[in-house]
Amino acid sequence: MAKKMPSRRERQNAVISLFTFPAFVIGFYLLMNGVIEIVGLIVILIIALFIGSWAASYVPDMRKKENKNKNPYTGLPQKNAEKKPAKTSTPQKRTSQASSSQETGKYNVRPDDVIIQLPLEELEGLEFEQLVYLYLKATGWKPIKTPETKDGGVDIVVINKNDGLKTAVQVKHYYRSKTQVTVKDIRELDSAKKNHSCIGTWFITSGTFTNAALVEADTRRMKTSDVTFVETKIIPWKEREAAKRQVAVTRK
């Protein structure tokens, strides 16, 4: 049986350990030899932890297709990445999942009915993105999914029905995670909006933003929605929609 790849959080912790453990050994050695005091050891560990956390931020999310040929720890391209043989397509009957995926331009997610039924913590990143798309569509917006492999830094483009202006939407699934949206994420979305001729920007996350990210977003006039928006708007809609679809199935 194939060995399961460690989660992104586990890989990030491994990267941090590469910096903190040697720093502790060296600091402890210096402490025992009277070169430094306990305060010096603490300072060394804090510096190592800071550097390790910075390096860990580059650990890629291997669930995303664009990262499949990257080193899971450094995020650098792997020269010896194995090329998978091309799959031969066979004609088959279209399903509701296929038609939904064709509409959104993303294929490697579970069916909409499953996404709506599952708890938020069981959804993958692309599935949460699909949930946001379904919510926006159901609540009067006009969302368009961008291609998965060439999204240009934007997940969804929302078109204003009144004036036709476009808003670039980025979605991050950090539900019940310590990972937060950073200033870097805000700047990347603001720069990426031009790839889709968008005027406005909207960052939606199931987690939270750093204080610096919120300040940066306010400076760039970017709309931000965090876990509070998800729990008070998207989840209640998801539960109503799940119940509605369950009734429809029962009637059949």
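The values are calculated or read from the model by the stated rules, or taken from the named source; none is laboratory data. This structure is a prediction, so every number in the text was calculated from the model and none was measured. Note: ideal-geometry Cβ built from the backbone for every residue, glycine included; neighbour counts use all protein chains shown. Remember, those area values only see protein heavy atoms, side chains included, never the ligands or the DNA or RNA. Shrake-Rupley method; radii C 1.70, N 1.55, O 1.52, S 1.80 Å.
Sort out which residues of segment 217-252 are part of a loop (DSSP other than H, G, I, E, B) and at pLDDT 95 or above, and write them in order of number. Don't jump to the end; show me each part of the working.
From segment 217-252, those part of a loop (DSSP other than H, G, I, E, B) are 220-222, 226, 252; that's our starting set.
Matches in segment 217-252: 220, 221, 222, 226.
Answer yes or no: is there a residue in segment 71-81 that is open to solvent by less than 90 Å² (accessible area, probe 1.4 Å), in contact with a strand residue (DSSP E or B) (Cβ under 8 Å, 6 or more places away or on another chain), modelled with pLDDT of 70 or more and closer than 30 Å to residue 134 by Cβ. The answer is no, given that none of the residues of segment 71-81 is open to solvent by less than 90 Å² (accessible area, probe 1.4 Å), in contact with a strand residue (DSSP E or B) (Cβ under 8 Å, 6 or more places away or on another chain), modelled with pLDDT of 70 or more and closer than 30 Å to residue 134 by Cβ.
Whenever a residue of segment 21-50 is at negative phi and part of a helix (DSSP H, G or I), it has no partner that is of a type in the set (Gly, Ala, Ser) and open to solvent by 60 Å² or more (accessible area, probe 1.4 Å) lying with C-beta atoms less than 6 angstrom away and at least six residues away or across chains. Candidates are the residues of segment 124-150 that are over 16 Å from the mean Cα position of the chain (by Cα) and among the hydrophobic types (A, V, I, L, M, F, W, C); the one that is farthest from residue 195 (Cα to Cα) is 138.
Residues in segment 217-251 that are under 26 Å from residue 123 (Cβ atoms), open to solvent by 20 Å² or more (accessible area, probe 1.4 Å) and basic (Lys, Arg): 223, 233, 240, 244, 245.
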